[in-house]
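Asker: Next up is a structure, given as structure tokens.
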Amino acid sequence: QVQLVESGGGLVQPGGSLRLSCAASGRIFSINAMGWYRQAPGKQRELVAAITSGGIPNYADSVKGRVTISRDNAKNTVSLQMNSLNPEDTAVYYCNAAIVVDDTRIRNDYWGRGTQVTVSS
């Protein structure tokens, strides 16, 4: 019924930048918070950044000042601009959204399949 599809991952050198995007599609009535999580090998999935439907962002301490989250409510998209990347940012990045489905009006958490970000020289 609802899909989240990420794009924009890849290989980048330390100090470089990447922009991740995520588009939600399907039978969507409304979208509440949207966010990005990441999971590095051998580690638990952690929040990178989230943004409310009103556009208020929240960032993990490890990325503050280097990352900007934004969303386009008309297009049901959320983006993550990452700058000054370092090897510790290497992980699979997942898009997450709290979506109210159109026909049931029930809110559920949805996840994308993830996109790999590798920071290496």
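Asker: Could you order peptides 95-107, 41-53 by the average number of other Cβ atoms within 10 Å of their residues, highest first? Walk me through the numbers before you get to the answer.
Answerer: On the way: 95-107: 16.1, 41-53: 14.2.
In descending order of packing, they fall as 95-107, 41-53.
Asker: Also, I was wondering about something else. When ligands, DNA and RNA are left out and all protein chains stay put, how many square angstrom of accessible area per residue does the chain have with a 1.4 Å probe?
Answerer: Details: 6520 Å² over 121 residues.
It amounts to 54 Å² per residue over the chain.
Asker: Kindly rank 73-86, 10-23 from highest to lowest mean number of other beta carbons found within 10 Å of each residue. The partial results should precede the final answer.
Answerer: Numbers: 73-86: 17.2, 10-23: 15.6.
Packing order, densest peptide first, comes out as 73-86, 10-23.
Asker: Using only the alpha-carbon atoms, what does the chain span along each of its principal axes? Please give whole angstrom values in decreasing order.
Answerer: Ordered largest first, the chain gives principal extents of 48, 26, 23 Å.
Asker: Give me the net charge for the shell around R27: Cβ to Cβ below 10 angstrom, other residues only, Lys and Arg +1, Asp and Glu -1. Don't skip to the end; give the middle numbers.
Answerer: Values: positive: none; negative: D102, D103.
Net charge around R27: -2.
Asker: Share of region 1-91's accessible area from carbon and sulfur, percent, 1.4 Å? Provide the component values of the computation, followed by the final result.
Answerer: Values: 2360 of 4880 Å².
About 48 percent, which is the carbon plus sulfur part of the accessible surface.
The values are calculated or read from the model by the stated rules, or taken from the named source; none is laboratory data. Because the structure is a prediction, the values reported are computed rather than measured. Note that we place each Cβ from the backbone using ideal geometry, even for glycine, and neighbour counts take in every protein chain shown. Just so you know, the surface numbers come from the protein's heavy atoms only, side chains and all, with ligands and any DNA or RNA stripped out. Shrake-Rupley method; radii C 1.70, N 1.55, O 1.52, S 1.80 Å.
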